[in-house]
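The values are calculated or read from the model by the stated rules, or taken from the named source; none is laboratory data. Note that the structure is a prediction, hence the values are computed from the model and not measured. As a convention, Cβ positions derive from the backbone with ideal geometry for all residues, glycine included, and neighbour counts pool all protein chains shown. To get the accessible areas, we keep the full protein, side chains included, count just its heavy atoms, and leave off ligands, DNA and RNA. Shrake-Rupley method; radii C 1.70, N 1.55, O 1.52, S 1.80 Å.
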Amino acid sequence: MQTPLQTRILEQLRLDLSGDLKSGDRINEAEIAEQLGVSRTPIRRVLQKLQDEGVLAFEPRRGFILRDPSSLLKNGEAETVELLDERVMRDMATGELNAVMSERALMQRYSVPNGVLASTLRRLTRDHLVEPSPGHGWIFADVSPRAMAESYRFRQIIEPAGILADGYEVDLAALKELDDDHARAIEQVHQMDRRRLFELDARFHKLVAQGARTNELVSAIERQNNIRRVSEYLGFIRIERLRQSMTEHRGIMAALFDGNRQVAASLMHIHLQVSRDETFIHMDDDLALLRGGKVRLMGEEDAGYTGDDDM
């Protein structure tokens, strides 16, 4: 698994390759190190790995030269799109995308080609996190503190009510599988990346809502999950809260297994209230960590990019 630093180095190389570099050109280690503000040691380790993969070659007195640029660009396309998704969500969470943005401005902001940006915008549009402006550009969903508070309030109304709806019947086989996944995640929370943990959380809320057999309710929960994909970028910084949240989920599932919907609904209301309180109590500190680049949704925490990270 790549470290965050290695990912940044590869991303910088791909940006360089999207310019005028061609097969046989020399890779300037010192220039990359200066661009990223790191020593040359981690740069060299990544270049050696790319040499092993046949992307680069090493020549005495010249250093590393580009051998197969298409291979690096092709292998990195999906990763670059995923990284852009993360960067956009981070900027939405920190309030930096609260105005209409043109595609040109977004391409310049994130230093990505139009194809990569288009893929991310399509995905965010599908998830109702961005929409085309009536005039020109793109409008990003409101994930401000006020919007987050309204989202929690809305969920506290509809999710417990869904559990108490007439004819409620949750899929017990799917619930058992989800409960098992929660048990494993609680034990391995420090080894799991935040994207997988979020997906587990979203699966829980969607499955519980599906028991009400109402498509409108499920659609509402899916939309809330999409909004939380951005706003809970903050709450997913705190590992111990993640562990406690999954434990609360298991308590709700246990009540559903027992057929005690009243208890399950009460526990759901409490769970959402605790999550809301935790989010707002720690919001300022979490935003500071996020703005400082200390936390990545898909990887480990990173205290900075000024050391010599290991491969």
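Details
- The largest accessible area among D180, D142 belongs to the first residue in D142, D180, and the rest follow in falling order (1.4 Å probe, all chains).
- Measuring r between the beta carbons of I139 and M192 and using R0 = 30 Å, the FRET efficiency lands at 0.35.
- Average accessible surface area per residue within the stretch 95-214, 1.4 Å rolling probe, Å²: 53
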